[in-house]
Amino acid sequence: MSASSLDAFYGPASTALLKSSPWAVFDRTWTSVMGYPADEFKFVPGETPMGTLRETLIMISLYYITIYTGWEFMRKREPFKLNTLFMIHNFVLTGISGALLVLFLGQLVPSLWKRGVYDCICGNPGWTNELVTLYYLNYLTKYVELLDTVFLVLKKKPLTFLHTYHHGATAFLCYTQLVGRTPVSWVPIVLNLTVHVVMYWYYFQSARGIRVWWKEWITRLQIAQFVLDLGTYSNMRVDVKFFLTDLMRAGFIYFASWDYFASVNPQMNLPHVGKCGGEPFAAMTGCIILSSYLVLFISFYIATYKKSGSKPRKAGAKETASATTTGRAAETLKTARSRLGNASIDMVESSSRGQWTAAAIQGKAE
């Protein structure tokens, strides 16, 4: 649509706003690099880079081989600092996650307002040309995020099963949803981008030497993300052919998968709303991987922040009390020295040692 046509349809003020929207800015950048508008991008398995199962599995395999050989390489070596590179890495991923989140919301909010949640997770509004472009870019960022583990290996930081499994499985998950054309994909992606903005900003600040108190809340956000993915599309009533169907605590992912399964098996006479788009293998992959994330992150949270949280605090309190008692005894000795002089020093020291001994006995008794 030409500028004059936009002015005639929307008005000059609205046209100026559209031209400065995040999508418009992104589209101009995309066009200048790729040579065609962003909404004309097509994901074609076998033609689009990283668009085949073979390419995806090779990249994920290389990831695991790299971190294993890297760990062996670093076993007898001093850890690298890499603080500046680590800051740049986290700052860039914060920016990429934030930019993608804004672009997704710019596409989804109008569709949700006009068409409602069900159409957006099951129908065409969840699989537009613009969203496919963003789905693909989000998929590519998963390979950039694999560098998180490379930094940990080179800095000789401990690796957990959750970390390494999560990174490889997420790249595979994003590939399956692109190939399977699942409209519900935007739900976990938008939530994941929100978490990543917070998480990578935390790591950026930490690399700068700034102590951030809300590290525990990152894990809580990650758990909340998967709960929302799987289990909170609840108590909504959708008008379907003159009657209301209560979706009753069905999660976005579980609901979309059930809706598809029930619709393609009419002989089973299962309750459902309509037919969600997407392929069965993509739905199954999403349910399995996201469910495993929820279990693993809850286990990690309990092991990290609950079981180890109480005992150190009690020990710390005892050490503080003991140090305070000893400090008071030393202060008593110092005051006695100033008042009585050197003549009575032996008597004062003897008295002070008695106080220290009493304090130590009291500390052991506690």
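Annotations
- Out of Tyr202, Tyr139, sole residue that is farther than 26 Å from Thr69 by Cα and either touching an Asp or Glu at 6+ places or on another chain (Cβ under 6 Å) or at pLDDT 95 or above (or both): Tyr202
- Restricted to the range 268-287, and to residues there that are in contact with an Asp or Glu (Cβ under 8 Å, 6 or more places away or on another chain) and either in contact (Cβ under 8 Å) with a residue 40 or more places away in the chain or hydrophobic (A, V, I, L, M, F, W, C) (or both), the residue that is surrounded by the most Cβ atoms within 10 Å (Cβ to Cβ) is Cys276.
- Only one of Thr164, Thr176 that is hydroxyl-bearing (Ser, Thr, Tyr), surrounded by fewer than 20 Cβ atoms within 10 Å (Cβ to Cβ) and assigned to a helix (DSSP H, G or I): Thr164
- Evaluation of Asp119 against the conditions (1) surrounded by 15 or more Cβ atoms within 10 Å (Cβ to Cβ); (2) at pLDDT 95 or above; (3) not small (Gly, Ala, Ser) shows that the sole unmet condition is (2).
- Residues being under 20 Å from Met50 (Cα atoms) and modelled with pLDDT under 95 - total across the range 100-116: 0
- Unmet requirement for Lys114, which otherwise passes all of (1) closer than 19 Å to His166 by Cβ; (2) surrounded by fewer than 17 Cβ atoms within 10 Å (Cβ to Cβ): (1)
- Near pairs, Cβ below 6 angstrom, 6+ apart or cross-chain, from the range 38-67 (over 23 Å from Thr128 (Cα atoms)) to any residue that is in a loop (DSSP other than H, G, I, E, B) and of a type outside the set (Lys, Arg): Tyr63/Leu146
- Verdict on Phe91 being closer than 21 Å to Asp229 by Cα and out of contact with any Pro (no Cβ under 9 Å at 6 or more places or on another chain): no
- Scoring Leu159 on the criteria (1) in contact (Cβ under 8 Å) with a residue 24 or more places away in the chain; (2) not in a loop (DSSP other than H, G, I, E, B) leaves a single failure, condition (2).
- Test: Leu85 is surrounded by fewer than 16 Cβ atoms within 10 Å (Cβ to Cβ) and either in contact (Cβ under 8 Å) with a residue 12 or more places away in the chain or polar (S, T, N, Q) (or both): yes
- Some residue of the range 39-47 being modelled with pLDDT of 95 or more, hydrophobic (A, V, I, L, M, F, W, C) and either outside the structural domain of Gly168 (by TED's automatic domain parsing) or surrounded by 14 or more Cβ atoms within 10 Å (Cβ to Cβ) (or both): yes
- Members of the range 194-226 that are in contact (Cβ under 8 Å) with a residue 40 or more places away in the chain, within 12 Å of Tyr301 (Cβ to Cβ) and among the basic types (Lys, Arg): Arg220
The values are calculated or read from the model by the stated rules, or taken from the named source; none is laboratory data. Keep in mind it's a predicted model, so treat the numbers as computed, not measured. Don't worry about glycine lacking a Cβ; one is built from the backbone with ideal geometry, like all the others, and counts go over all protein chains shown.
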